[in-house]
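Worksheet: the structure to be examined is printed underneath.
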Amino acid sequence: MDESQMNGSQTAVAIAQAIRLGEVSAVRVTEAALADIARHDGRYNSFTTVTAGRALQEAAAVDAARARGETLPPLAGVPYAVKNLFDIAGLPTLAGAKINQSHPPATADAQLVNTMQQAGAILLGALNMDEYAYGFTTENHHFGPSRNPHDPTRSAGGSSGGSAAAVAAGLVPLTLGSDTNGSVRVPSSMCGLFGLKPTYGALSLQGMFPFVHSFDHAGIFARSAQDLSLCFTVLQGKPSEVEIAPLAKGPLRIARLGGYFEQGDAQAQQAVTTVCNALQVNQVLELPEVARARSAAYLITASEGGNRHLTRLRMQAADFDPLIRPRLAAGTTIPATWYLQAQRLRRWFFEQAMQLFTHTDVLIAPATPCCAQPLGQEDMVINGNHMPLRPNMGMFTQPISFIGLPVVAVPVHLPGQLPIAVQLIAAPGREATLLQVAQHLQSLSVCQSPVVRN
């Protein structure tokens, strides 16, 4: 590949291979990515901090290792960035909050950042987000909104909006985010990306600013299923297992989720139909009491989130983002009995989902009820129903986070439409199956994630 084309707009797999073969230096790739960020990110506001000095040092170390003839690690020279709730040594961990700007700098990297460094990846900076990860639009009043590269007048989704925008704009091939109620899958849908929310507990949260202990996940954004697989195996500590195996020759049972998950607009349902047709899926299954499970997830989210910030709310209420403050404050008033009942429903709902997986291996559902909406918009209309936009962008993701199932979001680009994504859902620990299906859909050109800049 032409060296001039090697920057964050290429896939991680392509960059790592080119560096390993000596076709381009890690420093050259890093310089090109940093130049692209400086030139283009003013349009998208995906980065809150660019770590140029650190990035160039890490890249030089990769080139030195190659010059010594050492075997390079799997992500050697690959640029990436992280949501600004990951600890980065020497920087305060913002978590999207004005309050956190005065905190002391982190003394060490988050565990996943350290793992990425050990794998040779090059950290380019920290990325914008909704304050304390409590939102679906990344309309941050302190650091400004992140804008969708497909249409900068629209939201990039949230709360990991900066993470999604940076990949969609081709500034970096990989980013890390977090997903509590949909904060990887919603931005993946808005920005037309592949996104992974692994099984609850599969990836370390050490050194990540917490939101809701019951649901917090680390997650990954990329423009290909292969890049997701490469990054996920690295983060799990399995750097030698970087290839996606082909789909098993035996029948893989796949079903569409009906009932509650059929509430999306025409585009959301067409995306699901497109994926189901490509996979020749005819079976439809239903989860019972999904709406009630989502309500329980709301109670747990509000209660844990509000009480985590109770002291800050009492002492520094005026410093909170006005979009976030009332939601956190309301969470502090939830009775303990409601919280306990919600956790009991969570166990029951998990058992119902496990019953479905006796009939199928993968479930398909929309990721969002519609495509990206204009920044500043308060409401949306779905099938004639008016509803608040910010909380309801997660109406299809929240019930799945509630029980910690692994999900791969796959982007579907319908003619003349903004992108939207479909969720591929499996039983705990079955990320490999989901990544196989995502790779298969990509090979069929059903799910693609091209670089876009407006």
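The values are calculated or read from the model by the stated rules, or taken from the named source; none is laboratory data. All values derive from a computational prediction rather than experimental measurement. We place every Cβ from the backbone using ideal geometry, glycine too, and count neighbours over all the protein chains shown.
Structure notes:
- When the criteria are applied in full, I420 fails the requirement of being modelled with pLDDT of 95 or more, in contact with a helix residue (DSSP H, G or I) (Cβ under 8 Å, 6 or more places away or on another chain) and more than 17 Å from G158 (Cα to Cα).
- Taking the conditions (1) of a type in the set (A, V, I, L, M, F, W, C); (2) assigned to a helix (DSSP H, G or I); (3) under 19 Å from H217 (Cα atoms) in turn, V167 satisfies each one other than (3).
- Positions within the range 181-207 being closer than 23 Å to S9 by Cβ, small (G, A, S) and under 8 Å from the mean Cα position of the chain (by Cα), in sequence order: S188, G195
- Taking the criterion of being touching a Pro at 6+ places or on another chain (Cβ under 7 Å) and of a type in the set (A, V, I, L, M), the residues of the range 133-166 that qualify are A156, A164, A165.
- Residue within the range 132-142 that is over 23 Å from P92 (Cβ atoms) and crowded, with 24+ Cβ neighbours inside 10 Å present: yes
- Any hit, the range 219-231, residues being surrounded by 24 or more Cβ atoms within 10 Å (Cβ to Cβ), more than 23 Å from R327 (Cα to Cα), out of contact with any Phe, Trp or Tyr (no Cβ under 8 Å at 6 or more places or on another chain) and among the basic types (K, R): no
- R327 passes every criterion in (1) part of a helix (DSSP H, G or I); (2) surrounded by fewer than 17 Cβ atoms within 10 Å (Cβ to Cβ); (3) in contact (Cβ under 8 Å) with a residue 60 or more places away in the chain apart from (2).
- Those residues of the range 37-60 which are within 22 Å of the chain's Cα centre (by Cα), in contact (Cβ under 8 Å) with a residue 40 or more places away in the chain and assigned to a helix (DSSP H, G or I), in sequence order: I37, H40, D41, R43, Y44
- Filter result (among the hydrophobic types (A, V, I, L, M, F, W, C), under 26 Å from T137 (Cα atoms) and assigned to a loop (DSSP other than H, G, I, E, B)) within the range 273-324: F320, L323, I324
- Matching residues, the range 401-454, being hydroxyl-bearing (S, T, Y) and touching a strand residue (DSSP E or B) at 6+ places or on another chain (Cβ under 8 Å): S401, T433, S449
Results for (1) assigned to a helix (DSSP H, G or I); (2) of a type outside the set (S, T, Y); (3) at pLDDT below 95, shown as yes or no for each residue.
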| position | (1), (2), (3) |
| --- | --- |
| T115 | yes, no, no |
| L124 | no, yes, no |
| M129 | no, yes, no |
| Y132 | yes, no, no |
| F136 | no, yes, no |
| H142 | no, yes, no |
| T153 | no, no, no |
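- Hits in the range 5-36 - residues which are more than 20 Å from V452 (Cβ to Cβ), in contact with an Asp or Glu (Cβ under 9 Å, 6 or more places away or on another chain) and not in a helix (DSSP H, G or I): E23, V24, S25
- Restricting attention to the range 64-97, the residues that are surrounded by 24 or more Cβ atoms within 10 Å (Cβ to Cβ) and either without any contact (Cβ under 8 Å) to a residue 12 or more places away in the chain or part of a strand (DSSP E or B) (or both) add up to 6.
- The residue that is farthest from S183 (Cα to Cα), counting only those in the range 124-142 that are touching a helix residue (DSSP H, G or I) at 6+ places or on another chain (Cβ under 8 Å) and small (G, A, S), is G125.
- Residue within the range 331-352 that is in contact (Cβ under 8 Å) with a residue 40 or more places away in the chain, closer than 30 Å to S146 by Cβ and not β-branched (V, I, T) present: no
- T360 meets the stated requirement of being polar (S, T, N, Q), crowded, with 19+ Cβ neighbours inside 10 Å and out of contact with any Cys (no Cβ under 6 Å at 6 or more places or on another chain).
- Within the range 431-444, the residues that satisfy the criterion of being closer than 11 Å to A278 by Cβ, of a type outside the set (V, I, T) and assigned to a helix (DSSP H, G or I) are H440, L441, Q442, S443.
- Selection from the range 365-390 of residues that are among the β-branched types (V, I, T) and more than 18 Å from the chain's Cα centre (by Cα): V381, I382
- Evaluated against (1) closer than 30 Å to R430 by Cα; (2) surrounded by fewer than 18 Cβ atoms within 10 Å (Cβ to Cβ); (3) modelled with pLDDT of 95 or more, P335 falls short on exactly one condition, (1).
- Unique match (being assigned to a loop (DSSP other than H, G, I, E, B) and closer than 19 Å to D179 by Cβ) among P415, P428, P411, P450: P428
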